[in-house]
Amino acid sequence: MERRILGRTNLEVSVIGFGGIPIQRVDNEMAVKLIEESCNRGINFIDTARGYNESESLIGEALEKVGRDKFVLATKSMKRDYDGMLQELSISLKDLRTNYIDLYQFHNVRSLEELDFILSENGALKALKEAKEKGIIKEIGITSHSPEILDKAIDTGEFATIQCPYNPVERQAEEVFKKAKEMNIGVIVMKPLAGGAITNGELSLRFIADNPNISVAIPGMDTLEQVSSNALVGIDKRKLTDEEEKKLFEEANSLGSQFCRRCGYCLPCPQNIDIPVQFLMEGYYTRYNLKEWAKSRYDAMERRAVHCVECGLCEGRCPYNLPIRKMLKNVVKKLG
């Protein structure tokens, strides 16, 4: 398995990591087998989150049996304030059954205002810095679907890693990845298969692994077959042939007409609907088969796809000319 240095953390990580979202679908026994097989295949980076239901607990039990010291462990929290982050960190340590976490990240920072609050006197960064001084966490990172936010985060000098979607359909973060590499900041790629929309998984992972600015890609896995096939990309590393590249980008281009890249240009919506998040939850519901998880998060939103009045302002702003109103109707059909 090829390994790369995760920026200034100096942690050596497998180019293919273990994405922890779908593990919540399996039982404890299978969770242990998945982590064990990952270890056997040379995967040593695990990414999970407080918001992934039982993911931290399942991974914690597995690490206890397979060996905590065999992995670089990353998790993340949506909390933005000092007290909230301390509480979340305490839960993560308990659920993951460990006394330290290699990388703790701010999960899905969605606005510059959120970033500013995180950095403020009562913000969550202060809590993580204190935890780092105590050795409870080793490094601090940030995740976002917005390259603009990550670009600003990089400039603060506070974050050792960034995490963003990247795949043949979503390539908008390439310049930010290049900048991060130049500044010795680790780059973690989420959604390497575009949330399951790309069926040529091996080709997509090989395309990503060929980018020298990327440290590790974290496809979600919940079967031993997925672990085996995904790991092979890092074990038998090779460039795409012209024919394979053509096949991959034909599929990527076919998704373009109704695939949200979460750039956010459609916002603000007059009805206060977070349009990209509607499509994100639909993707979890449909392609990840995380129906209950996606539905509970969708239902918790104050303004949802069902509140769309079809004014069309969003479509005029979308740089990809997506039929957003039609797509929102599809969300309503699936999620209510």
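The values are calculated or read from the model by the stated rules, or taken from the named source; none is laboratory data. Quick caveat: nothing in here was measured; it's all calculated off a predicted structure. Virtual Cβ from ideal backbone geometry, glycine too; neighbours counted across all protein chains shown. Surface areas here come from the heavy atoms of the whole protein model, side chains and all, with no ligands, DNA or RNA. Shrake-Rupley method; radii C 1.70, N 1.55, O 1.52, S 1.80 Å.
The numbered conditions (1) among the aliphatic types (A, V, I, L, M); (2) over 24 Å from Y288 (Cα atoms); (3) assigned to a helix (DSSP H, G or I) are all true for I59 except (2).
Residue count for the range 27-53, restricted to those that are at pLDDT 95 or above, in a loop (DSSP other than H, G, I, E, B) and either in contact with a Pro (Cβ under 6 Å, 6 or more places away or on another chain) or open to solvent by 30 Å² or more (accessible area, probe 1.4 Å) (or both): 3. Within the range 250-276, being outside any loop (DSSP other than H, G, I, E, B), at pLDDT 85 or above and open to solvent by 20 Å² or more (accessible area, probe 1.4 Å) holds for E250, E251, N253. Can you tell me which residue within the range 193-220, out of those that are in a loop (DSSP other than H, G, I, E, B), at pLDDT below 95 and open to solvent by less than 40 Å² (accessible area, probe 1.4 Å), is farthest from E250 (Cα to Cα)? The residue in question is A197. Take T241 and tell me if it is touching a residue at least 40 places away in the same chain (Cβ under 8 Å), among the polar types (S, T, N, Q) and either surrounded by 13 or more Cβ atoms within 10 Å (Cβ to Cβ) or farther than 21 Å from I218 by Cα (or both). The answer is no for T241.
Sort out which residues of the range 1-26 are at pLDDT below 95, in a helix (DSSP H, G or I) and open to solvent by 10 Å² or more (accessible area, probe 1.4 Å), and write them in order of number. Answer for the range 1-26, where residues must be at pLDDT below 95, in a helix (DSSP H, G or I) and open to solvent by 10 Å² or more (accessible area, probe 1.4 Å): Q24, R25.
Considering only residues in the range 285-336 that are in contact (Cβ under 8 Å) with a residue 40 or more places away in the chain, among the hydrophobic types (A, V, I, L, M, F, W, C) and open to solvent by 70 Å² or more (accessible area, probe 1.4 Å), the one that is farthest from L267 (Cα to Cα) turns out to be C311.
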